[in-house]
Amino acid sequence: MMSKTPTDLLYGTLDVLVLKAVSGTAMHGFEISNWIRERSRGTLDLDDAGLYKALYRLEAQGAVRSTWKMSENSRRARYYETTAAGRRLLRTESSVWREYALAVSRVLRTA
């Protein structure tokens, strides 16, 4: 049996992490990836393909919207931000993930 890494487990939580990242301010993909990496103290490192699949999926669901703007290095970049539906989804999914993490922790602490 192959051991899973935190990054392997990441993709089941990616949508909620992306929603959290863009809930405070609009960000482009590179900023989102850095934000998640920094908050996880380097444990969660996204690949571009997975991140953009999540962003496109969330945009199709109406949870995020995107606009083209100039980035800090004067390049055009697509910036993502949450919608009202995305903020509701973030609250719901955050609650589900906290409950799930607590349950897993309880099981793992059991003798």
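The values are calculated or read from the model by the stated rules, or taken from the named source; none is laboratory data. Quantities reported herein were computed from a predicted structural model and do not represent experimental measurements. Here Cβ is always computed from backbone atoms with ideal geometry, including for glycine, and neighbour counts include all displayed protein chains. What goes into the accessible areas is simple: the full protein's heavy atoms, side chains included, and nothing from ligands, DNA or RNA. Shrake-Rupley method; radii C 1.70, N 1.55, O 1.52, S 1.80 Å.
So which residues in segment 60-111 are open to solvent by less than 80 Å² (accessible area, probe 1.4 Å), assigned to a strand (DSSP E or B) and under 15 Å from GLY24 (Cα atoms)? VAL64, SER66, TYR79, TYR80, GLU81, THR82, listed by residue number.
Per the conditions (1) at pLDDT 95 or above; (2) of a type outside the set (A, V, I, L, M, F, W, C); (3) under 15 Å from ARG87 (Cβ atoms), the sole criterion not satisfied by GLY24 is (1).
The set of residues from segment 44-75 being free of Cβ contacts under 8 Å to residues at least 40 places away in the same chain and touching a Ser or Thr at 6+ places or on another chain (Cβ under 8 Å) comprises LEU44, ASP45, LEU46, ASP48, LEU51, LEU55, GLU59, GLY62, ARG65. Return yes or no: is LYS53 open to solvent by 50 Å² or more (accessible area, probe 1.4 Å) and touching a strand residue (DSSP E or B) at 6+ places or on another chain (Cβ under 9 Å)? No, not satisfied. Every condition in (1) touching a residue at least 60 places away in the same chain (Cβ under 8 Å); (2) at positive phi; (3) not aromatic (Phe, Trp, Tyr) is met by LEU89 except one, and the failing one is (2). Determine if segment 28-50 includes at least one residue that is open to solvent by 30 Å² or more (accessible area, probe 1.4 Å), closer than 14 Å to ASP15 by Cα, assigned to a helix (DSSP H, G or I) and of a type in the set (Ser, Thr, Tyr). No, because not a single residue in segment 28-50 is open to solvent by 30 Å² or more (accessible area, probe 1.4 Å), closer than 14 Å to ASP15 by Cα, assigned to a helix (DSSP H, G or I) and of a type in the set (Ser, Thr, Tyr).
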